[in-house]
Amino acid sequence: MNADLVGRRGQAMRAAVERGLIGPEEPVAGLLDLEAIRDAAAELRKAFETPGVEVLHSFAVKAASLVPVLRLLAAEGVGAEVASPGELAIARAAGMPVERIVLDSPAKTPGELRAALALGIAVNADNPQELARLDRLVQPGETASSVGLRVNPQVGAGAIGSTSTATATSKFGFALRDPGAEDAVVRAYLNRPWLNRLHTHTGSQGVPLHLMTDGVRAAYELAERINAAAGRQQITVIDIGGGLPVNFTSDEVRPSFRDYADMLRAAVPGLFDGRYGLVTEFGRALLAKPGLILARVEYAKSAGGRAIAITHAGAQVATRTVFAPDAWPLRVLALDGKGRAKDGPAVVQDVAGPCCFAGDLVARGRELPLLEEGDLVALLDTGAYYFSTHFAYNSLPRPGVYGFEVGEDGAVRFETVRRPQTLDELVAESGGQAGAQA
């Protein structure tokens, strides 16, 4: 898949220039390889496929909150994990079946809970107060929703603290290792026969597979304890979350969905013996590799002997990379104005964005062929989060995002996933009236 992905990427970058998707008037754009997305979904299904086990793969909508992307994933049998009314609305607009939608959030309002129960969406409750709200809202036999608790196994942090959700003091879920907490969770289930699922999520980027596996094992052992205490199969579904980390250093996919599934099969074999349905919530691992950002080099300059390329891709599209570059580095390709790879000796240079603060750099001290005015840069592995977490610094408009497919004849076909935001739309979003600018 990777060799094909690299070949399609090169064709798409050149075609994007030829079609005017990127250029002086549209100096930044996102591209998504639709075939690569389908391939990733197929790899995920194949990795977890087990005779007698019902598996729902629900895509973490926050990773790419774009209706056409969710519509494509729905066609591949993938569901949606949503964490806000907006994400739920996007999933619904994409035609996602309600039986494939899971609601997670640490701050659900009563209205959100009522709406989810009315639709029959699965709900993972985060804390005792939310469970008390559900006590007042759930009428056994009157909702099609599958309801359960999110638990924090407190197994520790990965390399990036902000994406580690199973630490001792994480804001998420019922903390199982706090004094008396696990016994309280067991009682909560025994007192509520309508609770029938259990959810855990150890974290995402920077969390190693063994730590993710430890978190799932803790949830499985808790489910076994609850079912034994209930004297029946009360918990029928275990939601293992997502969080498979992505390799941002090359085009190689590692770890793979197969790597994780095999580790789970070895460490928690009972998870796959047919007694439990499984839910996953992967996001970045499905969408990162298929995406890239193209940006025009508006100016090339130097300061203190350092070459600096000023581009149109900065904190507004690569927020985490700019503010936490050590945790979220990106590969950068140097391209000429036609979207072809640049040749020439490597020169140490910074790749800067358009935002008005000194730290707006997407690459620091990077060795690349010298970038010049009118060239392009490609920020790779940006299909997840980089298109859906726009940072409105300097009121820079959201760029267009385009899906592409390459035919057997090499012809590239584009479809608009999200058109570029207009200035009228930006003004209206900022409290003004469309057309009010000079």
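Worth a mention:
- Applying the criterion of being among the hydroxyl-bearing types (S, T, Y), touching a Gly at 6+ places or on another chain (Cβ under 7 Å) and at pLDDT below 90 to the residues of the stretch 129-184, the residue that is surrounded by the most Cβ atoms within 10 Å (Cβ to Cβ) is T165.
- Subset of the stretch 315-335 (residues that are assigned to a loop (DSSP other than H, G, I, E, B), free of Cβ contacts under 8 Å to residues at least 60 places away in the same chain and touching a strand residue (DSSP E or B) at 6+ places or on another chain (Cβ under 7 Å)): P325
- Test: residue in the stretch 388-399 that is assigned to a loop (DSSP other than H, G, I, E, B), over 22 Å from the mean Cα position of the chain (by Cα) and under 28 Å from E87 (Cα atoms): yes
- Only residues that are touching a strand residue (DSSP E or B) at 6+ places or on another chain (Cβ under 9 Å) and closer than 25 Å to L286 by Cα were counted in the stretch 192-217, giving 14.
- Just one of the listed residues (G410, G383) is touching a residue at least 60 places away in the same chain (Cβ under 8 Å), in a loop (DSSP other than H, G, I, E, B) and at positive phi, and it is G410.
- Scan the stretch 320-354 for residues that are surrounded by 18 or more Cβ atoms within 10 Å (Cβ to Cβ) and not charged (D, E, K, R) and the total you get is 14.
- Being outside the structural domain of A80 (by TED's automatic domain parsing), modelled with pLDDT of 95 or more, of a type outside the set (K, R) and on the phi < 0 side of the Ramachandran plot is a description that applies to A352.
- All positions within the stretch 27-50 that are farther than 21 Å from P68 by Cα and touching a residue at least 60 places away in the same chain (Cβ under 8 Å): P27, K46, A47, F48, T50
- Candidates in the stretch 25-54 are the residues that are assigned to a helix (DSSP H, G or I) and small (G, A, S); of these, the one that is farthest from R418 (Cα to Cα) is A47.
The values are calculated or read from the model by the stated rules, or taken from the named source; none is laboratory data. Since the structure is predicted, the reported quantities are computational estimates derived from the model, not experimental observations. All Cβ positions, glycine included, derive from the backbone under ideal geometry; neighbour counts span all protein chains shown.
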